[in-house]
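Some notes on the structure that comes next.
The values are calculated or read from the model by the stated rules, or taken from the named source; none is laboratory data. Note that the structure is a prediction, hence the values are computed from the model and not measured. Counting neighbours? That spans all protein chains shown, and the Cβs are built from the backbone with ideal geometry, glycine included.
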Amino acid sequence: MMFFVYNLSIYSPKNKACKELNYFIVQFNNILIKDECSLHALRCSIETKINEINSAHPKLRPIRYSWNESLMRIDASIKAGSGCPDYLFAMDICRVRSVFQFSEANSQANAISTPGICRICGCTENDPCYHPDHGTCCWDDEEHTICSHCADPHIAGDPGTEHCINSKGGYHEK
Ligand SMILES: [Zn+2]
Ligand SMILES: [Zn+2]
């Protein structure tokens, strides 16, 4: 499964440590991440960099690294004296559902589906769809490229169906 950094918001630096982090983080904007292992490595290298910056500036307020699994967001903040923390950056990552590619062989452009991600709604085993009567979705094909809640037109068309409950459920306000 591949991932993509589709949004990187960088906020104005509060001090020299933040400036250093911003300089480091900007290189990751709009990058394609090849697999889960690479995503893990990316998270680790950002966390390591933040720890390095914190120990190089012991008198400044420490930068806090955070990873939100269900939103697939990495961010860094500084705890403000009171109230909400000051954010330094927020990096939003999404799963690449399929690759659209032109093929010389059949002179056609095709979307190549990725096994493990529904080609219609983008749900996965950890981020399924939900319907009040049918429960969570399961795979409808052997290749695992379409889920049961997209394959069945009645469930797909039902307004009670909620796709990708973990990534979309908490993200969009109802
Ligand atoms: Zn689906
Ligand atoms: Zn689904």
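Things worth noting here:
- Each residue in segment 30-82 was checked for being within 20 Å of the chain's Cα centre (by Cα) and touching a residue at least 60 places away in the same chain (Cβ under 8 Å), and 5 pass.
- Selection status of Thr114, crowded, with 18+ Cβ neighbours inside 10 Å, modelled with pLDDT under 90 and more than 30 Å from Asn22 (Cα to Cα): yes
- Every residue from segment 107-162 that is small (Gly, Ala, Ser), part of a helix (DSSP H, G or I) and farther than 25 Å from Glu36 by Cα: Ala151, Ala156, Gly157
- In the set Leu42, Leu21, Leu32, only one residue is in contact with a helix residue (DSSP H, G or I) (Cβ under 8 Å, 6 or more places away or on another chain) and under 30 Å from Cys123 (Cβ atoms); that residue is Leu42.
- Candidate set from segment 113-142 (those that are more than 22 Å from Met72 (Cα to Cα) and in contact with a Gly (Cβ under 7 Å, 6 or more places away or on another chain)); member that is farthest from ligand 2 (Cβ to nearest atom): Pro132
- If you check Glu47, Glu52 for being surrounded by fewer than 14 Cβ atoms within 10 Å (Cβ to Cβ) and either in a loop (DSSP other than H, G, I, E, B) or at pLDDT 90 or above (or both), only one passes: Glu52.
- Tally of residues being farther than 18 Å from Arg95 by Cα and either touching a strand residue (DSSP E or B) at 6+ places or on another chain (Cβ under 9 Å) or more than 13 Å from ligand 1 (Cβ to nearest atom) (or both) across segment 124-136: 6
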